[in-house]
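Peer 1: One structure is given below, represented as structure tokens, and several questions about it will come after.
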Amino acid sequence: MIGQTSPAVEVSGLNIALDLPDGSSRAIVDNVSFAIPKGEVLALIGESGSGKTTIALAMMGYSRFGATISADRIRIGDMQIDALGERALGKVRGSRVAYIAQSAAAAFNPSRTIISQVIEPLIVHGLASRKEAREKAIGLFSALALPSPETIGDRYVHQVSGGQLQRLMAAMALITDPELIILDEPTTALDVTTQVEVLKTFKQAIVASGATAIYVSHDLAVVAQVADQIVVLKDGRMVEQGKAGDLLRSPQSDYTHSLIAAARPVNRAAAPDEAEALLTVEAVHAGYGRVRDGRAAIPVISDVSLALGKGCSLGIIGESGSGKSTLARVIGGLLPASAGAIRLGGELLAPGLAGRSREQLRQIQLVFQNADTALNPMQTVRDAIARPLAFYHGIRGAAADARVAELLDVIQLQPSLAERRTSELSGGQKQRVNLARALAAEPRVLLCDEVTSALDTVVGAAILDLIDALRRQMGIATIFISHDISTVRAFCDEMLVLYSGRVVETCSKAAFSTPVHHPYTELLIDSVPALDPGWLAMLGERHAPAIADTPADEALCPFLARCPVAIAGTCDSQPPSLRETAGMRLLCHAVQPQLASEALNQ
Amino acid sequence: MAAPAANAPVWLGLTRVVLQRIASALLTLLLVSIVIFAAASLLPGDAAQEVLGQSATPEQVAALRHEMGLDQPAVTRYLDWLAALLGGDPGRSYIADMQVTELIGARLVNSLSLAGITALVSVALALTIGIVSAINRGSKLDRALNIVTLSLVALPEFLIATVFVLLFSVKLVWLPSIAMVSPEATWSEMLRSMALPVACLTFVVSAQMARLTRAAVADQLDRPYVEMARLKGVTFRRIILFHVLPNAAGPVLNAIALSLSYLMGGALIIETIFSFPGLASLMVNAVTSRDMPLLQACAMIFCAAYLALILIADIVAILANPRLRS
């Protein structure tokens, strides 16, 4: 019999192998062992391909792509998972072991109401009547701080926000009071500000349910907030295992060191201040639908101005839907601005691609977020890079081959990769090719739209280093679009904060470290998890709820509904006025006095 | 499950969407009527010449043309025809000296029963084959079904029909090779006489439906929500019925509608081989004899049937998809 001290979950000698078509098999998880005491959270951390999700799914006796699971032991409570057949496993899944997937938007059936799916585990396992199940679900919805818990379940996936869906999925997992909950990157797809809220609710819910949990993530800082124990994985093997605090404070392996280093980008030197403005954007408006009086029917960005000096880098930051990518598309000419001016080197650019000369097109290049979809999978690396060489510079044949080899060297890829199809490359290699393609045009301005968000931390950090080095060597002005404020802070000379399509703050690198910021910038800074297990608890109640609508009157501050320092009678009646001090401009009533005093002290 | 009060505006919006679809189908039918009339007018030769034969004098032809109204301008003839059609009268046959409605009446019933029985058999067969092969993707069964359906798509229907006649009528002498449909026939006699045409048409239309159903169901089976359902311990049967089919309904229904619309007008070869008195052969006769009122009426029926099927598929797909519903 299992004694009191015996762990709730025990795994030893877990191997998972993929059967290849030629009859051989390839190990994707190799000899993994761990034990979790009841009520604790174990984190599986590693990059893509490390086997972390594969291990987590093996806890339910499930494997993707028909991989074979074998283990000395996989025990959950009194169940020997590795000894159960498919039928018995079906009874365990969703009742005693529950799973929370990375993307709730994809994991919910789009044509069924949410509540019918949330109560499904209770119904299919015969644990409750439909009426009882519904009541229990509504109870969980309110425990998970979902708005209007009575009716939210009757909606469909497309009617609910990402953060809410993730909580609804947690309710679906918790509804059967499982012994083990598996959370597979549950906050990765969310904005930082939403992530904090969801993390907090998840942590409380796990504690309240008394369940044991396995938390799969690539993000050390997130893991630090929820995990008691951490297992670091690389290529299906365990690299290191230990108590969360100890492992983060004093990592033993080089690999863990590199993960921690990548999570803390090193600050780069700022570019000289006197650089002349190369690209200027003046009071630009853009959006979708019919344009009337310079305003689109569905406006996305309003009154955005910025200036970028030669060889400088500007970071644009904001949550999803803030208009970051739209701004890049407007500068690049993909989406014509409905009003305002964009100048490059003093020359006025036409709003749309069709009105720009080839030479103007060449000077502004975009690097897209998702190299997977930006590259034609049937093209070779050589073809992908040679195309802009021919288009912009008329370089063909042997000269093009030589230039492609040069560019591959610049982006630090083997010349032998030139003949590979782009679909045969890894994510990091694809993003490098994507970058080389932009560099082939020899641009003066490089627009990098979330170039690392689809990549693993370590790989992404290397790409950022590369772009930073190239910018300094070649004097290319860069715009980094990112949702990650710590990246922008480390790499950019200047930062621009967008909120519902409006610039709420711009600040220089020097001014960034001062404590005075727009309340929205403050919220973004506070939402980035620190590599400190106490961070989430310390954050406490400072956060206002992240779900709020923008005010109906577009002249007012767009952040009003979420603002913790809004002044009643002022912020809700007068448009925020622009305040400028050394290296900083922001739109806010509330922080102006502070700014003024700050300026006095200097 | 949801409160009725919250649903009222949804139903209102839904009714509006459905009415819009119906209106656009009617508009399409109107445009089609123009095309049909124009195409019929472009046919070389004319009915007066056809009726009187080669020996008629130009004066006789002209007199008959005047009597038939063929000397009127095309627009006038079109509007007269359309007005009569809306009043339920497609006109009088030039050749048979009968009302078009009378000529079509019996044939339409025959065609509709042939299409109806074939639809019942082929939809059931195609859905079963499609779902079974999607579930067993990559298995021997799937590959076998794949080869069979692909061959059936490729085989011309006259070949299938001829082989069937040889096999069932000539060698085995189980079924009649000629589909005699008389009003006095009992149900069992009628079914017996229709067995071979139905079987041939089923072969022709279900293969395509089965392949499209397989593709739609297989596509849904790869979605993350199916994996999520498995990880909730949902049985496979329930995954298919509760999760996959509502999402696959849109493409599957469209495939069914497209295949079934073929049954009315496309059954010509089958009608000819089995001497089946259906609409398609009637329409071909109308073309050869330049019997414009009959030809136009048949063409309008085929187009209306096609539009009705597509409309039903669209509306059911909207009902199955909450995103389209709102």
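Since every read-out is calculated from the coordinates, none of them should be taken as a lab result. Worth saying up front: this structure is predicted, and the values here are computed from it rather than measured. Virtual Cβ from ideal backbone geometry, glycine too; neighbours counted across all protein chains shown.
Peer 1: Quick check on chain B: take the gyration tensor over C-alpha atoms, sort the square-rooted eigenvalues as a ≥ b ≥ c, and tell me if it's rounded (a/c under 1.5), prolate or oblate.
Peer 2: oblate
Peer 1: Pairing the Cα long axis of helix A:427-440 with the longest principal axis of chain A, what angle in degrees results, from 0 to 90 and rounded to the nearest 10?
Peer 2: 10
Peer 1: Here's something else I'd like to know. Between segment B:257-297 and segment A:139-176, how many Å separate their Cα centres?
Peer 2: 56
Peer 1: Averaging sequence separations of C-alpha pairs under 8 Å and six or more residues apart, then dividing by the length of segment A:277-513, give the relative contact order as a whole percent. Write down the numbers at each step before the final one.
Peer 2: Working: 484 pairs, mean separation 65.8, N = 237.
It rounds to 28 percent for segment A:277-513.
Peer 1: If packing is taken as the mean number of other Cβ atoms within 10 Å per residue, what is the order of A:9-18, A:417-426, highest first?
Peer 2: Per-residue Cβ counts within 10 Å, averaged per peptide and sorted highest first, yield A:9-18, A:417-426.
Peer 1: Is there a quick way to get the dipole size of segment A:60-158? I mean about its Cα centre, with the Cβ of Lys and Arg at +1 and of Asp and Glu at -1; what is the value in debye to the nearest 20?
Peer 2: The calculation lands at about 120 debye.
Peer 1: Quantify how much of the Cα-Cα distance distribution of segment B:25-120 extends past 18 Å, in percent.
Peer 2: Numbers: 2781 of 4560 pairs.
Percent of Cα pairs beyond 18 Å in segment B:25-120: 61.
Peer 1: Taking a threshold of 23 Å on the Cα-Cα distance, which of the pairs A:LYS131/A:LYS203; A:LYS136/A:LYS203; A:LYS243/B:LYS232; A:LYS52/A:LYS136; A:LYS324/A:LYS509 fall above it? Before the final figure, lay out the partial values.
Peer 2: Working: A:LYS131/A:LYS203 28 Å; A:LYS136/A:LYS203 20 Å; A:LYS243/B:LYS232 30 Å; A:LYS52/A:LYS136 32 Å; A:LYS324/A:LYS509 20 Å.
Result: A:LYS131/A:LYS203; A:LYS243/B:LYS232; A:LYS52/A:LYS136 exceed 23 Å.
Peer 1: Quick check: the distance between the Cα centres of segment A:244-258 and segment A:476-535, to the nearest angstrom?
Peer 2: 27
Peer 1: Extending each Cα 7 Å along its Cβ direction at A:ASP78 and A:GLU554, get the distance between those two points in nm, one decimal.
Peer 2: 6.5
Peer 1: In addition: Could you give the size of the charge dipole of the protein assembly as shown about its Cα centre, using +1 on the Cβ of each K and R and -1 on the Cβ of each D and E, expressed in debye and rounded to the nearest 20?
Peer 2: 960
Peer 1: Okay, moving on. Restricting to the protein assembly as shown, what percent of DSSP beta bridges are antiparallel, rounded to 5? Could you put the intermediate results ahead of the total?
Peer 2: Numbers: 55 of 92 bridges.
Taking every DSSP beta bridge within the protein assembly as shown, about 60 percent pair in antiparallel fashion.
Peer 1: Pick out, from A:SER302, A:PHE391, A:ALA88, the residue whose Cα sits farthest towards the positive end of the charge dipole of chain A, with +1 on the Cβ of Lys and Arg and -1 on the Cβ of Asp and Glu.
Peer 2: Value computed over the given set: A:PHE391.
Peer 1: Step by step: find N for segment A:9-263, compute 2.2 N^0.38 Å, then divide the Cα radius of gyration by it. What's the final number? Don't skip to the end; give the middle numbers.
Peer 2: Numbers: Rg = 18.1 Å, N = 255, 2.2 N^0.38 = 18.1 Å.
Cα-based Rg divided by the globular estimate yields 1.00.
Peer 1: Sort all Cα-Cα distances of segment A:453-537 into consecutive 5 angstrom bins from zero, then give the percent of pairs in each bin up to the one containing the longest distance.
Peer 2: 3, 11, 21, 22, 19, 16, 6, 1, 0
Peer 1: Note the angle between two axes, namely the Cα long axis of helix B:58-68 and the longest principal axis of the Cα atoms of chain B, as a number of degrees from 0 to 90, rounded to the nearest 10.
Peer 2: 50
Peer 1: Residue-wise, which Karplus ³J(HN,Hα) couplings in Hz belong to segment B:17-23, taking 6.51 cos²θ - 1.76 cosθ + 1.60, θ = phi - 60°, and x for glycine or proline?
Peer 2: 4, 5, 4, 4, 4, 5, 4
Peer 1: Roughly how big is chain B's charge dipole about its Cα centre, with Cβ charges of +1 (Lys, Arg) and -1 (Asp, Glu), in debye to the nearest 20?
Peer 2: Charge dipole of chain B: 1960 debye, to the nearest 20.
Peer 1: So between A:GLU135 and A:SER357, what do we pick up on full extension, going 0.36 nm a residue minus the alpha carbon distance?
Peer 2: Extra length available between A:GLU135 and A:SER357 comes to 73.6 nm.
Peer 1: Quick one: angle between helix B:245-265 and the longest Cα principal axis of chain B, in degrees between 0 and 90, rounded to 10, please.
Peer 2: Roughly 20 degrees, rounded to the nearest 10.
Peer 1: Using only the alpha-carbon atoms of the protein assembly as shown as identical scatterers, what base-10 log of I(q)/I(0) does the Debye formula give at q = 0.08, 0.10 Å⁻¹?
Peer 2: -0.97, -1.26
Peer 1: Further question on the same structure: Tell me which of A:THR422, A:GLN229, A:HIS285 sits at the most positive position along the dipole axis of chain A, charges placed on C-beta atoms (Lys, Arg +1; Asp, Glu -1).
Peer 2: Positive-end residue among those listed: A:THR422.
Peer 1: Quick one: P(r) of segment A:292-394 from all Cα-Cα pairs, 5 Å bins, percents rounded to integers, in order of increasing distance.
Peer 2: Going from the shortest bin to the longest, the percentages are 2, 9, 18, 21, 20, 15, 9, 5, 1, 0.
Peer 1: With the cut-off at 1.5 for a/c, could you classify segment A:167-287 from its C-alpha gyration tensor as rounded, prolate or oblate?
Peer 2: Oblate is the answer for segment A:167-287, as a/c is 1.5 or above yet b/c matches or exceeds a/b.
Peer 1: Kindly state, to the nearest 0.05, the FRET efficiency for B:LEU86 paired with B:ILE312, given R0 = 35 Å and r defined as their beta-carbon distance. Could you put the intermediate results ahead of the total?
Peer 2: Working: r = 23 Å, r/R0 = 0.65.
Plugging the Cβ-Cβ distance into 1/(1 + (r/R0)^6) gives 0.95.
Peer 1: Hey, got the average number of other protein chain Cβ atoms within 10 angstrom for residues in B:239-251?
Peer 2: For this peptide, the per-residue mean of nearby foreign Cβ atoms is 2.
Peer 1: Along the charge dipole of the protein assembly as shown, Cβ charges K/R +1 and D/E -1, which of B:ILE239, A:LEU536, B:LEU191 sits furthest on the positive end?
Peer 2: Of the listed residues, the answer is B:LEU191.
Peer 1: So if I restrict to the alpha-carbon atoms in segment A:1-147, what is the Rg, and what is Dmax, the biggest pairwise distance, in Å?
Peer 2: In Å, with Rg to one decimal and Dmax whole: 17.6, 53.
Peer 1: Between A:SER258 and A:ALA208, what FRET efficiency follows from the Cβ-Cβ distance if R0 is 35 Å, with the result rounded to 0.05?
Peer 2: It comes to 0.45.
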